Amino acid sequence: MDIKAFLIAAFAAVALNVSAATSQNDGVITVKVNKASKVLVEKWIEAYKAVNPAVEISVVSGKNADADLTLVSSHQEGVNVTYVGRYALLPVTSAKNPLLDDIQRKEWKSKDIKSLFFTAEDLDEEYEEEVEGKHNKLKDKLTVYSGSSKASLSGIFASHFGRTSDDLRGNRIAGDDLYLLSAIDEDKASVTFNALSNLYDLASRTLRNDLVLLPLGVKASQREALRSGNLDETIELIENENIDLIPVEEIGFTYNNFDADIDQFLQWIVSTGQQYNHEAGFLRLTDKEVESQLRLLVQNN
Amino acid sequence: MIRKRFILAAVLTVASTFAASAQKIQGTIVDATSGESIIGATVKYGDGKGVTTDFDGHFAIDVKSLPVKLNISFTGYKSQNITVYDDEEEINVKLLEKRSYLNDVVVVGYGTQSRTQLTGSVTTVKADVFENSTASTLDAALSGQVAGLNVTAASGQPGAESSIRIRGGNSVNASNEPLYVVDGFIYFKDPSTGSTGLSAIDGSLNPLATINPNDIESIEVLKDVSATAIYGSRGANGVILITTKKGNLGEKKAHISYGYNLGFSTVSKHLDLLNASQWARYQKDYWSNKGGYTDEQIASLGKGTDWQDAVLKTAVQQGHELSVNGSTDKSRYAFSANYTDQDGIVLNSGFQRYNFHTNVEWELRKGLKFGINATYGRSKQQGLTTTEEQVFNSSPFSAGITNSFVYALLMPPVINVYNPDGSYNFTNPYEYAYFAIGDHSSNPVYDLKESVAENINNYLLSNVWASYKIGDFTLKAAVGLNSEKLTQNYFSGAYTSLGLATQGIGGTGNRQTDTWQQEYTITYNKDINDQHHVDALAGYTKQNTTSTFSSIRTNSFTNETLKQYNLGDGAGIYTPQTGIVESTLNSVIARVNYTLLDRYNATATFRADNSSRFSKHHRWGYFPSLGLSWNVDKENFLAGVNHIDYLKLRLTGGLVGNQEINDYAFTTSYATGSYGGSSSYAKANTANENLKWETTASYNFGVDFGLWGGRLGLVLDLYYKKTSDLLLEVPLGFASGVTSQIQNVGNVENKGIELAVNGTILKRRHFVWTAAANIAHNKNTITDMGVTNNVIQGADNQQILRKGEALGSFYGLKFEGIVQQGEDVTKLPTVNGQTPKAGDVKYQDFNRDGKIDGNDRQILGSIQPDLTYGFSTQVQWREFDLSLAFAGSHGNKLYNALGRRLEQTGDSYNVLTTVLDSWTAANGGNTLPLASTTRPFSYIDDRYVQSASYLKLRNLTLGYRPRLPKSFPVSLRIYATASNLFTLTPYKGYDPEVSSGTDSGTYPSARSFVFGVNITL
């Protein structure tokens, strides 16, 4: 083999290796996203570029990626952040779960969800379960899956119920939260939770065929919307009604750099770009939030 | 060649590219609570493959494809399953500890050990006990926390020392204090190092004042021989291991805390003394009415001067505490600075301390660690002057006037503190015995305000260490220095009681004590076949102590403005005191812990000590011990018993020693003095070539029992200790040239039982209620005194060392009432050759010889309590926390010398109101004789050997942690603490806690209320 050919191959390999970590070129807005938000961000970029063809925006991913804007999935303290949308988390199981009838027979209220997903808060309860054998049969048969990565929404789910992700029962996965659905598909007698964007088929606007939502103990009218399996009805319900069983959290962009291009892009997302949130399975910001985020962006200038 | 190299480079690069895209899973396993890396955790994957985590808790595995299931486990933790779907980021696994008492890791001598593997009796006291207590020294916070550990304050003076006894006292003349080990540094304070040679200062600084309680992470109390034998020569009295706070590994963010507290103290009890009208009436009715008061004048005198109130005050205290701790990838650190300023409740007394502490360790390279622990500070105690120096038959001290505070209690209430012009009143016509010259008498308020009695200690306690782990071996070397400079200042001006006779007296003294410690150890820690665990230690340690002191005193001052800072003004110069003492302790240590099947544990310990304190033929002491324990709960026959969390039986036995006597006690020594204007030498000690170690053989049987999922824990211990070859001060004949000599004579026995219970009463998310209680019984007996039986001790000959009795036994007459009118006195024993008459005291004729004398004295109880106990409880409800800590003692006695003094009637001094109930012909009375009588004997009687049983609410703390907005980057706790809120006791003096056993007017204890805030960033 020719030395030159080897050198080119080696160079190409090294170049490929480091490309993800290379800092972005000037004049291009780089955006780092997780898998769950990728669809939404790409929609925003596409729509924004349609009206601002001169702006170049590229999506980067990977642990070493460095970007102008980084999408975060929770409220951030002490950093500049512009919130651009919201998401909701719902508890879910496999449609082929052998315990599906038992699960569906129940109305899952807050205490039931806490009991199912978390370790006992109370020494007495834990003792009864662990030592005296007073088992909650359904709970014992179901394995909880939760994420262990930094980007996982496990912490958001846990804190909504007043606990921490360390308190979650069962098994963990390493990787994007989307894989939680793979985990419950493999281990059918299991439950997990996930964002609407992962739970629903964005094209058909319906719940994925292989999944069933845990019937929540909510008002009858609210139950109907959730039962419908329709993404838009679900989003409408969560946007319009405050349901304490459903964790809702904001997504936002933190910035490494801030310039006029980035400012304009963010202002567009917060205002015009909101129309694409539903399409990607996300909730829009409330009017009040839109107003406050725009005001903050003006202040940043 | 070049071509080959290029090819190789290219292949490697491409290979690495493929490798980078292959499935390499990396992660770190940490403790979910502390964030510290877990070394040796097992990561299983695939078909039984597995790796263990390294020194940093890190693991890396290569898998062919994803997803892959991992099972992560480690002893004592709940295992965790993780399915890995992508390898984009490192996996950070937090393992939760299984909730079990036996999973605790405890600090033991020269290392740590899992409680499951422990054979000895070790009690741990956690940091929260010290955080809840606002005490300035750790001993005060320890009271009531540990079964078998009895803390008795020497006095209520801020910064004063306490007496700590673990399972009773073993020795008569050698120290009975436990050994302290601070972060590995052996910290023992020889009582002689607490003085510079000046003896006019009442009390001394607490040696533990050098340790700020808030710096303590945990304290381990080693009680039985298996635990203490590794400290062989010094383990006989138990060992207290103090571990200071470190930064938490994994906590990358620095934690910065600031605390401030402010409080006040008042005396916890007032004595009822006669007021002016009562005193004048008593003088007129029973004595010579020196004041010449008429009945009308007596009625108009009213309360007069309350001298007790005049010398007591509401004292203010405050403290600042700043600490920073955290860690980086390769280091952890903790720094703290503390300032305590505590006014005393007696005028011109108090305690101040500046303290700086650091504890830092670095991992210099894999396996190689280096660390420094250092505490630097300055303590200052302002106390009272004492008359103790002048102990002779008619001295104020022998008359019970031990210091200016006591003198204030004795002041007639008809005497004013100040003259009408505001100047001090130095006229007291009733004083003619001790503190008056001509028409000039001393004034206790002036005494206290103007006298100086200071102990100032500048200290450095430092330890530098390095350890290197090679495979299963760890080598460790440590060098430490404890350097203390004690300064004592003393001044009593010409108008004070102590300076009255000499136109002022003052002095200053310094003592520099340096202790160097070297320690070299090697440990071997190995799990063999999941069935055997071996943990072995061998090492050498050496401690050298050098203490030099000097002091000077002068009297007859012409100018007192600069007090002790102008001693040259004193015309009379006392012989200066200077000296040096050196001691060395060389030791070889070894210990092997072996655990079989996680069920059966054995610990064999050996220490050989060579001490310079004994004669050259007896310097080596050998101290072996063996401990066995059995984790019964892990046996198959208990596998189905769900209610039992753990059940462990322990059995230990061995020998430990005591060398805590003065240096050079084995050899002849001479003391310098002055005679007829020239220097002189007097024999101070006569040689004892046979002086050797005092040894204690000790046996312990213990049970650790846990029930109902951590709800109830119980520790029961039974022990027997026999101390032989007591280091006893034996009286010698006149021919020897000295009055006594330390010899190895006699035995002391301690046997007892201890029970500690702790439990969680309720545990809800927002409400947690826990409680702990302990109780201990110890029986102390002198079983042999050689030929020196019946050694009487004390200023009032109130105590005796006698075979068959306990150490600290009181010795005196038994009071049988007052002779009543009409009583047949012919049947009563005579007193000093006289038949008692109505109104006289009756004593028991113990030897039935028809007369009362010294031979009728008998044992009246002892300072040894039958029971010591403690109870504490904590409640947490939402943002509030409440804790209470009680401590108690039952069956011990205390000689109330102050009470005896204050019921001694006469025409000079004030008395207690109980004297109003003295016998009279009209009203009878059966406690005190006719008030005009004087005591027939100097012997004490059982009216003044009083029960010192008590139950104290040591600490009551209420805290609140307000919920702050998330944007607020701090956490806040505000709290209020009350200390010594109440004491239930039949004792009639100020406080039943007086460690010496004789309450001769010690500084009264205070009740304090402290409010504080802690802010953590």
Fill in: Charged-residue dipole, Cβ positions (Lys, Arg, Asp, Glu), chain B about Cα centre, Debye nearest 20
2820 debye
Practice prompt. Give me a single rounded figure for A:173-184: the average over its residues of other chain Cβ atoms within 10 Å of their Cβ.
Written response: 5
Worksheet item: How high is the FRET efficiency from B:Tyr574 to A:Asp259, r the C-beta distance, R0 60 Å, rounded to 0.05?
Response: 0.10
Fill in: B:Ser615-B:Thr584 pseudo-label distance in nm [points 7 Å out on the Cα-to-Cβ vector]
2.1 nm
Fill in: Nonlocal amide H pairs with A:Ile251, under 5 Å, H built at 1.01 Å
A:Val84, A:Gly85, A:Arg86, A:Tyr87
Item to complete: Could you run the Karplus curve 6.51 cos²θ - 1.76 cosθ + 1.60 with θ = phi - 60° over segment A:263-274 and give me ³J(HN,Hα) per residue in whole Hz, x for Gly and Pro?
Response: 4, 5, 4, 5, 4, 5, 4, 5, 9, 4, x, 4
Fill in: Exposure proxy order (Cβ contacts within 10 Å, fewest to most) of B:Met411, B:Met785
B:Met785, B:Met411
Worksheet item: Relative contact order of chain B: what whole-number percent is it, with Cα pairs under 8 angstrom and at least 6 residues apart?
Response: 11 percent
Worksheet, complete the sentence: Scalar couplings 3J(HN,Hα) for segment B:849-864 by Karplus 6.51 cos²θ - 1.76 cosθ + 1.60 (θ = phi - 60°), nearest whole Hz, x for Gly and Pro, are 9, x, 9, 9, 7, x, 6, 8, 6, 9, 6, 10, x, 8, 6, 7
Item to complete: Could you tell me which chymotrypsin sites (Phe, Trp or Tyr not before Pro) in segment B:287-362 are loop residues by DSSP with no more than 16 other beta carbons within 10 angstrom of their beta carbon?
Response: B:Trp287
Worksheet item: Which ordering of B:Tyr699, A:Tyr48 is given by a fewest-first count of other beta-carbon atoms within 10 Å?
Response: B:Tyr699, A:Tyr48
Fill in: Over the protein assembly as shown - Rg/Rh using Cα atoms and the Kirkwood inverse-distance radius
1.06
Worksheet item: If contacts are Cα pairs under 8 angstrom and at least 6 residues apart, what is the relative contact order of segment A:88-247 in percent?
Response: 36 percent
Fill in: In degrees, nearest ten, helix B:276-286 long axis to first principal axis of chain B (Cα)
50 degrees
Worksheet item: When a footprinting reagent is the concern and you count Cβ atoms within 10 Å, what order do A:Leu99, B:Leu500, B:Leu179 take, fewest first?
Response: A:Leu99, B:Leu500, B:Leu179
Discussion item. Rounding to the nearest 10 and keeping the result within 0 to 90°, find how far the Cα-based axis of helix B:2-21 lies from the longest principal axis of chain B.
Written reply: 60 degrees
Response to the item:
Semi-axes in Å, largest first, for segment A:88-247 (Cα gyration tensor, √(5λ)) are 24, 17, 16
Discussion item. Rounded to the nearest 20 debye, what is the charge dipole size of segment B:19-95 about its Cα centre when +1 sits on each Lys and Arg Cβ and -1 on each Asp and Glu Cβ?
Written reply: 380 debye
Item to complete: May I ask you to list the trypsin sites (Lys or Arg not before Pro) in segment B:865-941 that are in a DSSP loop and have at most 16 other Cβ atoms within 10 Å of their Cβ?
Response: B:Arg878
Worksheet item: Over the alpha carbons of segment B:19-95, what is the largest minus smallest coordinate on each principal axis, giving the biggest first in Å?
Response: 34, 22, 18
Worksheet item: For the pair B:Ala538 and B:Arg878, how long in nm is the line joining their label points, each one 7 Å along Cα→Cβ?
Response: 6.2 nm
Worksheet item: By how many nm would the segment from B:Gln26 to B:Asn662 grow when fully extended, if each residue of separation counts as 0.36 nm and the alpha-carbon distance is taken off?
Response: 222.9 nm
Practice prompt. Compute the distance in nm between two label points, each set 7 Å from the Cα along the Cα-to-Cβ direction, one at B:Trp516 and one at B:Lys126.
Written response: 4.1 nm
Worksheet entry | Sparse-neighbourhood loop sites, trypsin sites (Lys or Arg not before Pro) in segment B:673-782 - DSSP loop, at most 14 other Cβ within 10 angstrom | B:Arg764, B:Arg765
Worksheet item: Full extension from A:Gln267 to A:Glu42: what is 0.36 nm times the residue separation minus their Cα-Cα distance, to one decimal in nm?
Response: 79.4 nm
Worksheet entry | 222 nm mean residue ellipticity, helices alone, for chain B (DSSP H n ≥ 4; -39,500 (n - 2.57); rounded to 500) | -2000 deg cm²/dmol
Practice prompt. Report, in whole Å, the centroid distance computed from the Cα atoms of segment A:250-301 and segment A:178-220.
Written response: 28 Å
Worksheet item: So how strong a dipole does segment B:170-221 carry about its Cα centre when Lys and Arg Cβ are +1 and Asp and Glu Cβ are -1, to the nearest 20 debye?
Response: 220 debye
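No value in this document is a laboratory result; all are computed from the given coordinates. Because the structure is a prediction, the values reported are computed rather than measured. Because the Cβ atoms are built from the backbone with ideal geometry, glycine has one as well, and the counts that use them run over all protein chains shown.
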